[in-house]
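Right, one structure below, let's go through it.
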Amino acid sequence: MDRVVSGIRPTGYLHLGNYFGALRNFIKMQEENECFFFIADYHSLTTHPTPQDLHTNVKNILVEYIAAGLDPEKATIYVQSDVPQVCELSLLLSMNVYVGELQRVASFKEKVRRQPDNVNAGLLTYPVLMAADILLHRADKVPVGKDQEQHLELTRDFAQRFNRIYKNEYFKLPVAYNFGSELVKIPGLDGSTKMSKSDNENSCIYLADSPEVIRKKVMKAVSDSGPAAPGEPKSQAVENLFQLMRAVSSPDTVQYFEDQYQSCSIRYGDMKKQLAADIIAFNSPVFERIQELRSMDDYISKVARQGAEKARESAERTIRDIRSIIGIKQF
Ligand code: ADP
Ligand code: TRP
């Protein structure tokens, strides 16, 4: 069985983009692999959340993961900071990582551009901690989006370097796992091509949104004044509505509105009403489960504790091996 590791930073509620782009694939993968899915709370500290926000965000993601279909009996679901062995591996790896190569990472350069007042060392060493997350469980596959591919390449570099320096084959070289043609990018409600909470909160529909909120958001989504002539190409905003519809509605429904668009008889109000209804139908089981789980603190703690225990077992094995390979021996 292949080992799979993936993490998500707890920076707010999960939206439909996170669901279709990541979570849905995790749910599929847990059936046939040994999966470790964790909440990357250490990573999220680069943005300096308040203690209250940090804790709430971690709990929300745990709840949403489970509500959406991750099964704690099948996958190991844990909070990164519950497995502090990752810090030791990160430190050990960092001795053979060069500052120059970290400074050249695209996501680091982007952060320097975007937040020049907070270029902390955690941002620079982010890829080392991420490599440690992955190598800690000696993963074969890492399900991530395009934006994370460079980080994964570095993970392979660090693993290979370790193997070379210590003349062994301890680390496997993990590969990015994406679902090829099934990989979708969910667009925003604001006319942007990507639903993203970090770019624009208003672009998002959250799994935790109630039916009323979803309806309001969809009815307010950006569209245009309608096609003036048959065959006119769609504006980005309208294409977005169609893409969202393809994710949640039946093919017949999508075709119906396609035909209406092509014949210039489309009424966006009707389309949005249908889209809202279909998103609500799709999301309501998850929404209801989120409400239930939010008050099940004991259950959530149990899942986190069980996950941490399983993850620590796997982590301790790796740390023991690595210490011995490096020559850290007990007296
Ligand atoms: P955000 O852009 O809202 O801050 P994150 O960067 O936290 O989202 O994304 C977490 C995961 O969800 C990543 O694996 C990313 O590939 C996936 N993801 C985020 N937004 C989308 C989207 N609009 N469509 C598809 N996948 C997405
Ligand atoms: N960097 C990832 C992101 O921003 C989150 C992450 C941290 C991760 N550690 C990981 C993803 C290990 C996969 C494997 O989305």
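The values are calculated or read from the model by the stated rules, or taken from the named source; none is laboratory data. It should be emphasised that the depicted structure is a prediction, and the values quoted were computed from it without experimental measurement. So basically every Cβ, Gly included, is an ideal-geometry build from the backbone, and we count neighbours across all protein chains shown. For the accessible areas, the whole protein counts, side chains as well, though only heavy atoms, and no ligand, DNA or RNA atoms are used. Shrake-Rupley method; radii C 1.70, N 1.55, O 1.52, S 1.80 Å.
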One residue from Lys172, Lys167, Lys185 being open to solvent by 40 Å² or more (accessible area, probe 1.4 Å), assigned to a loop (DSSP other than H, G, I, E, B) and under 30 Å from Ser235 (Cβ atoms):
Lys185
Tally the residues that are free of Cβ contacts under 8 Å to residues at least 40 places away in the same chain and within 25 Å of Val128 (Cα to Cα), restricting the search to region 54-67.
1
Working carefully through the options Lys329, Lys310, find the one that is over 30 Å from Ile205 (Cβ atoms), open to solvent by 20 Å² or more (accessible area, probe 1.4 Å) and assigned to a loop (DSSP other than H, G, I, E, B).
Lys329
So for region 195-203 (the condition being buried (at least 17 other Cβ atoms within 10 Å of the Cβ), in a helix (DSSP H, G or I) and small (Gly, Ala, Ser)), does at least one residue qualify?
yes
Restricting to region 125-146, name every residue that is touching a strand residue (DSSP E or B) at 6+ places or on another chain (Cβ under 7 Å) and within 15 Å of ligand 1 (Cβ to nearest atom).
Asp133, Ile134, Lys141, Val142, Pro143, Val144
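Matching residues to (1) open to solvent by 60 Å² or more (accessible area, probe 1.4 Å); (2) under 20 Å from Asn163 (Cβ atoms); (3) not assigned by TED's automatic domain parsing to the domain that holds Asp41:
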| site | (1), (2), (3) |
| --- | --- |
| Val86 | no, yes, no |
| Ser90 | no, yes, no |
| Met95 | yes, yes, no |
| Tyr98 | yes, yes, no |
| Val105 | no, no, no |
| Lys109 | yes, no, no |
| Gln115 | no, no, no |
Which ones in region 11-20 are of a type outside the set (Phe, Trp, Tyr) and either more than 10 Å from ligand 2 (Cβ to nearest atom) or over 10 Å from the mean Cα position of the chain (by Cα) (or both)?
Thr11, Gly12, Leu14, His15, Leu16, Gly17
Could you run through region 131-189 and say how many residues are of a type in the set (Gly, Ala, Ser) and touching a Phe, Trp or Tyr at 6+ places or on another chain (Cβ under 8 Å)?
3
Checking Asp252 against (1) open to solvent by 70 Å² or more (accessible area, probe 1.4 Å); (2) within 26 Å of the chain's Cα centre (by Cα), the condition it does not meet:
(2)
